[in-house]
Amino acid sequence: MGYGSLERIRFVHAALQWTRKNQGKSKMKLHQVLALVLWQEKNYADSRYHFLRSSDGQGCANMLIEYSVKKGYRSEVDLFIAQAVLQYLCLRNKTTAHAAFSAYTSEHPHVESGPPFSQTPLLNFLWLLLLAVETGKLGHFTILCEKYQPSIRRDPCYREYLDRIGQIFFGVSPPQRGPGPGGLFGNLLTSIMGSMEEDDDDLDEPSQASSRAPRAAAAAAAPPPPKAMIAEDLD
């Protein structure tokens, strides 16, 4: 079944629907298999989509290394793994986020030895963020987000990711609606002042715009996944 064929789309859709009734390892395993098949076909964008829904951090890192080397600018080497790590955390999958970050930074030919990553502030931020997630200390998260503002501003979607990560791992309140400070720093201020209400609602993935690849890779990427393949909900 060739990529994009109606038969393949229907098969994948049916398989994903089946795994919705069998949450856990079977669901993640199917996403891993799909990711590996798409990677073999050099369909990096769709492969990445499925790796993010698997527990294969090593495989995701290896694919992203190849994607970065073949399709990305050298100056964007940190953006490839940053997007993946932040999205894994938004999906509450901190174990795979750790595995992907460790494998990517240790095996990518254009990444300096670390940690720490003195020449690549965004990688240093990710490393420290993963450590902060383990402690769950809001103060550490707050300081990191303030200190690494230049890195966070490299992609406007990072603020949205960090808002959700703050809610999931640090008890930050959801963004306010209406007047008053909202977003990451409004929430952090609220939390520091004593409002640390826990948000138990399931979080969906950030908007589709926030899942784009770095500039060079996006220009060379395959078309977005068929709707039948991306209709699955995020747990």
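The table that follows gives values for the structure above.
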read-out: The range 23-99 - Rg and Dmax from Cα coordinates, angstrom; value: 11.8, 39
read-out: Gyration tensor over alpha-carbon atoms, the range 37-167, equivalent ellipsoid semi-axes in Å; value: 23, 16, 13
read-out: Paramagnetic reach from residue 154 (point 7 Å along Cα→Cβ, amide N under 11 Å) across the range 74-104; value: 74-83
read-out: Taking the range 83-156 and dividing mean pair separation by its residue count, relative contact order in percent (alpha carbons under 8 Å, at least six apart); value: 20 percent
read-out: Taking the C-alpha atoms of the range 113-163, convex hull volume expressed per residue in Å³; value: 76 Å³
read-out: Relative contact order of the range 36-189, pairs being alpha-carbon contacts under 8 Å that are 6 or more residues apart, as %; value: 17 percent
read-out: In the range 38-140, GluC sites (Glu not before Pro) in a DSSP loop with at most 16 other beta-carbon atoms within 10 Å; value: 41, 112
read-out: Fraction of accessible area attributable to carbon and sulfur, the range 54-157 (%, probe 1.4 Å); value: 53 percent
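The values are calculated or read from the model by the stated rules, or taken from the named source; none is laboratory data. Keep in mind the model is a prediction, meaning the values are calculated, not measured. Virtual Cβ from ideal backbone geometry, glycine too; neighbours counted across all protein chains shown. Remember, those area values only see protein heavy atoms, side chains included, never the ligands or the DNA or RNA. Shrake-Rupley method; radii C 1.70, N 1.55, O 1.52, S 1.80 Å.
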